[in-house]
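Everything on this sheet refers to the single structure shown next.
We did not get these values from a lab; they are worked out from the coordinates using the rules stated. The shown structure was predicted, so the numbers you read here are calculated from the model rather than taken from an experiment. As a convention, Cβ positions derive from the backbone with ideal geometry for all residues, glycine included, and neighbour counts pool all protein chains shown.
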Amino acid sequence: MPQTTKERAAPQRGREALLAYGIVLAAGAAYLAAIPAMTGSYSFYFYLLMWIALAAGINIMAGFTGYVAFGYVAFFGLGSYTTAILAGKLAMPLVVALAGALAVGVIASLLFSRILSLRGIYFSMVSLAIAVICRALISIAPGDITGGAHGLSLVSSINPRLAYYAMLGLALVTVAIAFWIRLSRFGKHLAAIRDDMEAAQVAGLNVKQLRLYAWMISAGVAATAGGVEAWYSSVIDPESAFNLLTSTKAIIFAAFGGFGTAIGPVVGAVLMFSVDNYIWERYPSLNNLALGIVIVALMVFFPKGIVGSIAMRWQRLRKWLL
């Protein structure tokens, strides 16, 4: 049956959209790469990149697959401590330490993969419990390994500029992976699981394997981000490494931009972190209040996030909003 003009135009429009996103992201990456040369203070940009990576990383699981992990910070914290132990305690090169953080994140995702049999709020609650358990275990572990409640230091390996570029690279790779998933058959299969798991199983999809792959990718991103942040800040303790606000903000930033889209978490992280940073600098006592108001407003006015809501309201833009 011959294709209609509309059907023939859709793939072309998708390629044009991808090209446009590529140009914008390349320009943004070039600007961010020049930041350390333009200013001696780039902490804001470092943490902006970290939140982009975390929002895009949790979107791989929550947005594309439908599993919202409130305990996402468990992987972040494990990555932080792995980097601190390998680089600080064992004096390994930072590249090896970060590779170790990635490996530990993936291994931990496999160890925790049994919780993927749970769904909805039960999965979210158990993932949160895992994060609390990880924090407790790190706190009571032998002090000569994890530093106990006082944590560890990476002062001997501190190099903020290289850590900044490492986070920039991680953010770019994570966003690239998100675009690949959004446009690939793998992404379509994950969306099928999210929308109707039983129908996906009937259609012959290997649901367990597909969601495990998404879980591993998502965990690897968080663990690597934790490792790079530990390198940048040089001080790691259970309170900061396993702070539950890390999971909360990653979820909110991704949801604000639009779960299930590739560009949504980037938009959400840029807008929300900028606002959050502005409020924190000027009105620190109102920070949590503002965060709560944003959550309520998001659910009421943008239930599908900024990108998702725009796509729903203006149908003609849907093909351009990946």
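Things worth noting here:
- Nearest 10 degrees, 0 to 90: helix 94-111 Cα axis against the chain principal axis: 60 degrees
- Summary of the geometry: segment 132-184 and segment 45-69, compared by the centres of their Cα atoms, lie 14 Å apart.
- Efficiency of FRET from Cβ geometry, A136 and V95, R₀ 35 Å, rounded to 0.05: 0.70
- The 3J(HN,Hα) values that the Karplus relation (6.51, -1.76, 1.60; θ = phi - 60°) gives for segment 198-205 are, in residue order, 5, 5, 5, 5, 5, 6, x, 6 Hz. Gly and Pro appear as x.
- Spin-label pair W314-L183: with each label point 7 Å from Cα along the Cα-Cβ axis, the two points sit 2.2 nm from one another.
- Potential lengthening between Y283 and A29 on full extension [0.36 nm per residue; Cα-Cα distance subtracted]: 88.4 nm
- Projecting the Cα atoms of Y67, A225, A108 onto the charge dipole of segment 16-320 (Cβ charges, centred on the Cα centre) puts Y67 farthest toward the positive pole.
- Given their separation in residues at 0.36 nm each and the Cα-Cα distance between them, V294 and L162 gain 44.1 nm when the chain is fully extended.
- When only Cα pairs below 8 angstrom with a gap of at least 6 residues are kept, segment 16-320 shows a relative contact order of 30 percent.
- Label point distance in nm, D144-R114, each placed 7 Å from Cα along Cα→Cβ: 3.3 nm
- Length-normalised contact order for segment 46-175 - Cα pairs under 8 Å, 6+ apart - percent: 37 percent
- Label corresponding to Rg and Dmax of the Cα atoms in Å when calculated from the structure given, among (i) 21.5, 72; (ii) 19.9, 70; (iii) 19.6, 63: (ii)
- Given +1 at the Cβ of Lys and Arg, -1 at the Cβ of Asp and Glu and no other charges, the dipole of the chain around its Cα centre is 1140 debye to the nearest 20.
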